[in-house]
Amino acid sequence: MLSTALVVAILVAGLVLVVVVKTATVVPQQSAFVVERLGRFTATLEAGFHVLLPFIDTIRYRHTLKEQAIDIAEQICITRDNVQVGVDGVLYLKVLDPQRASYGISDYHFAIAQLAQTTLRSEIGKIELDRTFEERSHINAQVVSELDKATAPWGVKVLRYEIKNITPPQDILAAMEKQMRAEREKRAVILSSEGERDAAVNVADGKKQQVIKASEANRQQQMNEAEGQAAAILAVAEATAEGLRKVGQAIAAPGGIEAVQLRVAEQYVEQLGNLAKSGNTFVLPANLSDVGSMVALATSVLRGPTK
């Protein structure tokens, strides 16, 4: 009897344990469980302790509400200029509605990865190879926009997409390297020529300024010389005027006329002597012997016209 009672007790305890396991469940933080009752959706359990109906309620789907990262495998894309490039990336998504994520699609991870690849191929085909590297942000935004439209009915939100690598073929890489080297050499030549041009311009400007300064200095020198000559002429004229003034005063003084006559006579005789020395033939005035009349004629100018 005791053994039978023990067996019954064990069976009851086991049954209770099974019932507890079937009825009590704990949902972790940032998780959601989808419960079905007799095969039909009945509720979505959030974080915490929950009691289910044993053998009737069943946890069918378990979802994490954390942000998830999905690796998008490398695939071959053809650019607008018909160049094949290998592109891979990483996609970030989050489940917003566990019910739609459970019943809207069978495997949203696979579906989103495939849709990301097709969308990426479409976007890469719209641009040329040279622009694929600089248009990464635009490509990422377009992929996210297209995926967000498609995943909205699935209760999944695509947060962002990042291209990890863009790998052109080796021959294209070699050609791009040559092109970049040629561009660098071109820029170096341009910078060198611009430097030589600027140097030539600076030299020409220097020579121009030198010529201008020299001409200004020459002009200033000529102005200074002209002013000096004018000052000298003025000084000579003033000295001559002063001398003539004093001569006139001396002539007007008593005995001045006689002194002038004597001086004129001396110069007359002296010039006749010089004339005789300068040549063998010369013409003499008719009244050469009348020195007095010649002196009187010369000094008559000093006395002024007779009244």
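The values are calculated or read from the model by the stated rules, or taken from the named source; none is laboratory data. In this text the structure is predicted, and so the values were computed from the model without any measurement. Glycine also receives a Cβ, built like all others from the backbone with ideal geometry; neighbour counts cover every protein chain displayed.
So the values come out like this:
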{"quantity": "Subset of the stretch 79-127 (residues that are hydrophobic (A, V, I, L, M, F, W, C) and over 16 Å from Leu147 (Cβ atoms))", "calculated": "Val83, Val85, Ile127"}
{"quantity": "Matching residues, the stretch 50-74, being under 30 Å from Tyr161 (Cα atoms) and not in a strand (DSSP E or B)", "calculated": "Leu65, Lys66, Glu67"}
{"quantity": "Filtered residues of the stretch 58-68 (kept if surrounded by 12 or more Cβ atoms within 10 Å (Cβ to Cβ) and in contact (Cβ under 8 Å) with a residue 24 or more places away in the chain)", "calculated": "Ile59, Arg60, Tyr61, Arg62, His63, Thr64, Leu65, Glu67, Gln68"}
{"quantity": "Conditions (1) within 35 Å of the chain's Cα centre (by Cα); (2) surrounded by fewer than 16 Cβ atoms within 10 Å (Cβ to Cβ); (3) modelled with pLDDT of 90 or more; number of the one not met by Ala73", "calculated": "(1)"}
{"quantity": "Meets criteria (exposed (fewer than 12 other Cβ atoms within 10 Å of the Cβ) and hydrophobic (A, V, I, L, M, F, W, C)) for Phe49", "calculated": "yes"}
{"quantity": "The stretch 124-161, residues that are hydroxyl-bearing (Ser, Thr, Tyr) and without any contact (Cβ under 8 Å) to a residue 60 or more places away in the chain", "calculated": "Thr132, Ser137, Ser145, Thr151"}
{"quantity": "Residue check, Gly89 crowded, with 17+ Cβ neighbours inside 10 Å, out of contact with any His (no Cβ under 8 Å at 6 or more places or on another chain), touching a residue at least 24 places away in the same chain (Cβ under 8 Å) and under 18 Å from Val156 (Cβ atoms)", "calculated": "yes"}
{"quantity": "Residue satisfying condition, being farther than 30 Å from Ala69 by Cβ and within 26 Å of the chain's Cα centre (by Cα), within set Asn224, Asn202", "calculated": "Asn202"}
{"quantity": "Count - residues of the stretch 162-198 that are exposed (fewer than 11 other Cβ atoms within 10 Å of the Cβ) and free of Cβ contacts under 8 Å to residues at least 60 places away in the same chain", "calculated": "23"}
{"quantity": "Any chance Ala43 is assigned to a strand (DSSP E or B), among the small types (Gly, Ala, Ser) and surrounded by fewer than 13 Cβ atoms within 10 Å (Cβ to Cβ)", "calculated": "no"}
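The rows are residues; the columns are (1) within 35 Å of the chain's Cα centre (by Cα); (2) under 16 Å from Thr64 (Cα atoms).
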| residue | (1), (2) |
| --- | --- |
| Ile78 | yes, no |
| Val87 | yes, no |
| Gly104 | no, no |
| Ile127 | yes, no |
| Arg131 | yes, no |
| Glu135 | yes, no |
| Asn140 | yes, no |
| Val144 | yes, no |
| Gly155 | no, yes |
